[in-house]
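> Below is the structure I would like to discuss, written out as structure tokens.
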Amino acid sequence: MKRIAILNGPNLDRLGKREPEIYGHTTLAELETQLRDTFADDAELICFQSNHEGALVDKISELATAEIDGIVINGAALTHTSVALRDALLGSQLRAVEVHISNIYRREEFRHKSLTGPACEGVITGLGLEGYYAAVRYLLKA
Ligand code: DQA
């Protein structure tokens, strides 16, 4: 059984309530349950959300020494600002896929730049929650 971490950054704890016209009505707890159900036969999912940059860096550092097969990360706003998160991903030497629910290139210009994207094998943006499923599927296959 493979082990994949699902990391979510700031404000994604309010998924389902926060700007539903952009992010939809599904809560993070519902998403995590649905992901676990979907991949129950193939993967153990380690789900973690934090509103704090340092907590996410600590988690990636912890995962770097754990027996884990990859990370799916939606760094949320930290995507656009965090050198620390980028360095943590690169330093972990773990495979990673970045996911954004919305299409960051269709939104404000400050969202067009991802500092963490280059630390990942790929970036999925704008496919809604489907992006998380595609990212897990990719990590399980590749
Ligand atoms: C997001 C896009 C980011 O720009 C934003 O700050 C988020 C969510 C997304 O999933 O579309 O919080 O990562």
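The values are calculated or read from the model by the stated rules, or taken from the named source; none is laboratory data. Predicted model only: the values in this text are computed from it and were never measured. Quick reminder, even Gly has a Cβ in these numbers, built from the backbone with ideal geometry, and neighbours come from all protein chains shown. The protein model used for the area step is the full one, side chains on, heavy atoms only, and it has no ligands, DNA or RNA in it. Shrake-Rupley method; radii C 1.70, N 1.55, O 1.52, S 1.80 Å.
> Within the set of pairs 6 or more residues apart or between chains, which connect a residue that is farther than 20 Å from N11 by Cα and small (G, A, S) inside region 84-110 to a residue that is open to solvent by 30 Å² or more (accessible area, probe 1.4 Å) and not in a helix (DSSP H, G or I) with Cβ atoms less than 8 Å apart?
What qualifies is A96/E121.
> Next question, about the same structure. Is there any pair linking a residue in region 10-33 that is open to solvent by 70 Å² or more (accessible area, probe 1.4 Å) to one that is among the polar types (S, T, N, Q), with Cβ under 7 Å and at least six apart or on different chains, and which?
Between residues of region 10-33 that are open to solvent by 70 Å² or more (accessible area, probe 1.4 Å) and residues that are among the polar types (S, T, N, Q), the close pairs are N11/N51.
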